[in-house]
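One structure is given here, and the rest of the page talks about it.
Throughout, read-outs are computed from the coordinates displayed, never taken from laboratory work. Note that the structure is a prediction, hence the values are computed from the model and not measured. Every residue, glycine among them, receives a Cβ derived from its backbone with ideal geometry; neighbour counts consider all protein chains shown.
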Amino acid sequence: MSLFTLAGLCIAFFQSFLKFHLFAANHLTFMVLVSILYAFTETLVIFFFVGTGVSVRDYTKDNNLDPKYHKKSIGIKRIVYPPLLLNMLFMIILFCLVGAVDTHRIHPWIYYSLFIFCIIDYCRIKVIQNKCFRENTENILAMSGIKQS
């Protein structure tokens, strides 16, 4: 889903100034689709970390394990959530500015600059998320005794 979102963002960026239609959709319409895909993808990421955090908490309580696993899970969320939520804010602003550019309320180059920044920041967030997915998996495996850290 992240790759589809990234591809959609890149296509929408080029569509914004090359003015081509994709699936009979202009830039404004395609950005609505990309914004829905983006929101769905990032919401899944958030719920993954929430769900695994609750599972780790319950598992450690039920099996009288060291609370370090739950603390590690909370630490992972503290790493991934702030940049993710900030990126979501940037993307919301970007998606709202589509209309402002379409009605000529702001200059398109402001929008293009923000768009490039948002794509770069999205890629940075994906690197952070990937690292946190790995750490979360290692934490769960260590907690279950399958793998020692």
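The table below lists the values:
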{"item": "Cβ-derived FRET efficiency at R0 30 Å, TYR59 paired with ILE116, nearest 0.05", "result": "0.10"}
{"item": "Computed E for ALA39/ILE146 - FRET, C-beta separation, R0 30 angstrom, nearest 0.05", "result": "0.30"}
{"item": "³J(HN,Hα) computed for each position of the stretch 83-96 - Karplus, 6.51 cos²θ - 1.76 cosθ + 1.60, integer Hz, glycine/proline x", "result": "x, 5, 5, 5, 5, 4, 4, 4, 5, 4, 4, 4, 5, 6"}
{"item": "Exposure proxy ranking, count of Cβ atoms within 10 Å, fewest first, for HIS27, HIS21", "result": "HIS21, HIS27"}
{"item": "Residues of the stretch 1-21 with amide N under 16 Å of the 7 Å Cα→Cβ point at PHE47", "result": "1-2"}
{"item": "Net charge dipole size for the chain [Lys, Arg +1 and Asp, Glu -1 on Cβ; Debye, nearest 20]", "result": "340 debye"}
{"item": "Those residues of the stretch 85-111 whose amide nitrogen sits under 20 Å from the label point placed on ASN26, 7 Å along Cα→Cβ", "result": "94-111"}
{"item": "Of LYS77/LYS131; LYS68/LYS126; LYS71/LYS126; LYS61/LYS126, pairs whose Cα-Cα distance is over 21 Å", "result": "LYS68/LYS126; LYS71/LYS126; LYS61/LYS126"}
{"item": "Equivalent ellipsoid dimensions for the stretch 36-144 as semi-axes, Å, which come from the Cα gyration tensor, largest first", "result": "38, 12, 9"}
{"item": "Long-range amide H partners of ILE106 with built H, under 5 Å", "result": "VAL101"}
